[in-house]
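Data block below; observations after.
The values are calculated or read from the model by the stated rules, or taken from the named source; none is laboratory data. Owing to the predicted nature of the structure, the values given are computational and were not obtained by experimental measurement. Here Cβ is always computed from backbone atoms with ideal geometry, including for glycine, and neighbour counts include all displayed protein chains. Accessible surface areas use protein heavy atoms only, side chains included; no ligands, DNA or RNA. Shrake-Rupley method; radii C 1.70, N 1.55, O 1.52, S 1.80 Å.
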Amino acid sequence: NAGVTQTPKFQVLKTGQSMTLQCAQDMNHNSMYWYRQDPGMGLRLIYYSASEGTTDKGEVPNGYNVSRLNKREFSLRLESAAPSQTSVYFCASSPAGGNIQYFGAGTRLSVL
Amino acid sequence: SQQGEEDPQALSIQEGENATMNCSYKTSINNLQWYRQNSGRGLVHLILIRSNEREKHSGRLRVTLDTSKKSSSLLITASRAADTASYFCATDPGAGSYQLTFGKGTKLSVIP
């Protein structure tokens, strides 16, 4: 009963490097989300996918791209990492918009 | 921008006492949700209250919603050390929106 699985759990990048954060859910949910969490800032939505084949920008999309590979998988890509992208990234899924969201354990990213 | 704002930012109580956290928001909502985050972990959904509901219970949790004041409270009764965590409110504006907006959270410490 895995729920939402994120990989990797930890990552250190140098400025300018690229990487992709992976997320997969096994609950047959339609909607998936990427958030970042910074100290004292709560969670901020980066991108979301209301359903397979669609993606939309959230509150803080600059510097990121996403791919909804299929119904299960939603990846987040940093093309050229910057120190300002040092954060904890959470993936979540829900049956549909406005519903309860189920979160992964997070990816802790440091950009040096 | 943050929709929900929790108050207080931090709360420290003795085991067995009740803990009350408040959330204020700015715009109309379809529902309001409360989540818990243990240190280093993802968020876990606790309870959802719809805009036409005034109070809801789940085990030791009691949530109230006052849409006229745009505020909600979360009461945890007979607290336990295991309740130590950060608590976040999240608002759903409805109208087909997929964007839950999270507050900055209340950090609760329950001292054994």
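Of the beta bridges in the protein assembly as shown, as assigned by DSSP with both residues counted there, near 90 percent are antiparallel.
As a length-normalised measure over Cα pairs under 8 Å and 6 or more apart, the relative contact order of chain B settles at 39 percent.
Aspartates and glutamates near residue B:107 by alpha-carbon distance under 17 Å, same-chain residues fewer than 8 away left out - which ones? Here the aspartates and glutamates satisfying the reach criterion relative to residue B:107 are A:38, B:5, B:6, B:7, B:15, B:17, B:83. Among the residues of A:83-91, the average count of other protein chain beta-carbon atoms within 10 Å of the residue beta-carbon is 1. The alpha carbon gyration tensor of the protein assembly as shown gives principal lengths a ≥ b ≥ c with a/c of 1.5 or higher and a/b greater than b/c, which makes the shape prolate.
As a length-normalised measure over Cα pairs under 8 Å and 6 or more apart, the relative contact order of chain A settles at 36 percent. Cβ-Cβ distance of residue B:30 and residue A:51, R₀ of 25 Å, FRET efficiency by 1/(1 + (r/R0)^6): the value works out to about 0.85.
Within the listed set A:94, A:18, A:49, the Gaussian network model of chain A (springs between alpha-carbon atoms below 10 Å) gives the highest mean-square fluctuation for A:18.
Legend: distances between Cα atoms for A:9/B:70; A:14/A:57; B:56/B:104; A:71/B:70; pairs beyond 30 Å are A:9/B:70; A:71/B:70.
Running a GNM on chain B with Cα contacts under 10 Å, which residue among B:72, B:86, B:97 ends up with the highest mean-square fluctuation? Largest GNM mean-square fluctuation: B:97.
Rolling a 1.4 Å probe across all protein chains gives residue A:59 an accessible area of roughly 80 Å².
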